[in-house]
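Report on the structure given below.
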Amino acid sequence: MSGSGELANRLRELRARHGLTQAELATRVGVTRKTVNTVENRVFVPSTILALKLARALDVSVEDLFQLEG
């Protein structure tokens, strides 16, 4: 594989669809609201464990939540 891609995510969209605030989602997965915010805004790439927890909390697969661009 050549080139490096960016990790895109549908976190904000899926969180809103579930009627959750950043703080509520953060509590469900055991992180701070700021962590959720930085993942949503692509400032921070989540660990595999956090990605799995977020996907589980939103009842989607990791692949539905995150996509590699580029």
Note to self: Condition (residue is within 9 Å of the chain's Cα centre (by Cα) and surrounded by fewer than 17 Cβ atoms within 10 Å (Cβ to Cβ)) applied to segment 13-23: is it met by at least one residue?
What the structure shows: no
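Of everything in segment 24-42, what is acidic (D, E) and crowded, with 17+ Cβ neighbours inside 10 Å? Give them in sequence order. Break it down into steps so the answer makes sense when it comes.
Of all residues in segment 24-42, those acidic (D, E) come to 24, 40.
Answer for segment 24-42, where residues must be acidic (D, E) and crowded, with 17+ Cβ neighbours inside 10 Å: just E40.
Working only within segment 29-53, note down all residues that are more than 14 Å from L65 (Cβ to Cβ) and not in a loop (DSSP other than H, G, I, E, B).
Let us first name the residues in segment 29-53 that are more than 14 Å from L65 (Cβ to Cβ), namely 30-35, 37-38, 41, 43-44.
If the condition is that a residue be more than 14 Å from L65 (Cβ to Cβ) and not in a loop (DSSP other than H, G, I, E, B), then R33, K34, T35, N37, T38 are the ones that fit.
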Check: Which one of these does V45 not meet: (1) among the aliphatic types (A, V, I, L, M); (2) modelled with pLDDT of 95 or more; (3) open to solvent by 50 Å² or more (accessible area, probe 1.4 Å)?
Finding: (2)
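The values are calculated or read from the model by the stated rules, or taken from the named source; none is laboratory data. Being a predicted model, the structure only gives us computed values, none of them experimental. Ideal geometry is used to build each Cβ from the backbone, glycine not excepted, and the neighbour counts take in all protein chains shown. Accessible surface areas use protein heavy atoms only, side chains included; no ligands, DNA or RNA. Shrake-Rupley method; radii C 1.70, N 1.55, O 1.52, S 1.80 Å.
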